[in-house]
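Structure first, then comments.
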């Protein structure tokens, strides 16, 4: 039996064209990009071409893109570097950020106890209280960084990046956004958006795991977290993983060149599943917006029952891959800090379905039948 994969917010299958690009790089670009001989120059040229491609799709300059191992490293680099190197004394965020950010805040409080961490109130969709943000920004006594994820990875709720960037610019504060879930799904033009830092991870948009990037605005350079050689313009030591970086760039190219077609397909699947869920089940709640959020994420809250308790496991046994929240909790169904922050200690069972352009309406129909078998 073929499995149905509805967990594309956790990771995506690598695109065959990306695999081909990476295999060719592994075969032909084996030189060290720091070497001055022909093989090294070939690797360097390919690396910089990939950087140019990423920068062009994001409306950034080449010198503002630094390749990393993924979103967690990128976010850690920004948050800790902003405190250590840019004199940030206050960070404003929310309790529903990704764990790599929340745990970075804990580490910052441990290592720099004088830094103030403010977590904004959130509404029933997990979105920050922008009135509270504006009021907090009126206090100009401390150098401040606002850190708000573009799209929540569990609910799909999205902040207005442009509005918050403008608010931060007017207040003269730094703005960092974890954009791991939205790179490759929404257009960016960083030449027009006053944002200091964003992050991306290739495996969220059909590229390889272990490859990501951080955008650091030219006005806000931080020091490296990893010391050693002078790679990534002295920002990240370690021999560059050329095949992974080329895979990231190819995946981004495919994502943006096919963005509207993919988006329309996934939006149709999501809307169809919402329609079927409302038709077949009573007391269904959606944790994120039904429209207007991230079109690939659908977080569904089922009423409490003995059958619902084992819903995630039973769907897996039935050949359907979904999640109960973020996939970054040691592989365990350990409950969701996002759902707890929004709903408190609720007995309801949350399942996150997240879709791909590879999925079909027929798969939605199968999932609906399995849900009815399990819950009724």
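Would you check if residue 215 is outside the structural domain of residue 27 (by TED's automatic domain parsing) and touching a residue at least 40 places away in the same chain (Cβ under 8 Å)? Let's see the steps before the verdict.
On the way: outside the structural domain of residue 27 (by TED's automatic domain parsing): no; touching a residue at least 40 places away in the same chain (Cβ under 8 Å): yes.
Here the answer is no, as residue 215 does not meet what is asked.
Conditions tested, residue by residue: (1) more than 22 Å from the chain's Cα centre (by Cα); (2) closer than 15 Å to residue 340 by Cα; (3) in the same structural domain as residue 139 (by TED's automatic domain parsing); (4) surrounded by 17 or more Cβ atoms within 10 Å (Cβ to Cβ).
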{"residue": "90", "(1), (2), (3), (4)": "yes, no, yes, yes"}
{"residue": "103", "(1), (2), (3), (4)": "no, no, yes, no"}
{"residue": "112", "(1), (2), (3), (4)": "yes, no, yes, no"}
{"residue": "118", "(1), (2), (3), (4)": "no, no, yes, no"}
{"residue": "122", "(1), (2), (3), (4)": "no, yes, yes, yes"}
{"residue": "126", "(1), (2), (3), (4)": "no, yes, yes, yes"}
- Residue ranges of strands (runs of 3 or more DSSP E) in segment 47-146 with at least 3 members in contact with a helix residue (DSSP H, G or I) (Cβ under 6 Å, 6 or more places away or on another chain) and in contact (Cβ under 8 Å) with a residue 12 or more places away in the chain: 65-68
- With respect to the numbered conditions (1) over 19 Å from the mean Cα position of the chain (by Cα); (2) over 20 Å from residue 198 (Cβ atoms); (3) surrounded by fewer than 21 Cβ atoms within 10 Å (Cβ to Cβ), which one is the sole condition not fulfilled by residue 7? (1)
- Item | Selection from segment 24-46 of residues that are more than 28 Å from residue 217 (Cα to Cα) and touching a helix residue (DSSP H, G or I) at 6+ places or on another chain (Cβ under 7 Å) | 25, 26, 29, 30, 31
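The values are calculated or read from the model by the stated rules, or taken from the named source; none is laboratory data. None of the values given here were measured: they were computed from a predicted structure. So basically every Cβ, Gly included, is an ideal-geometry build from the backbone, and we count neighbours across all protein chains shown.
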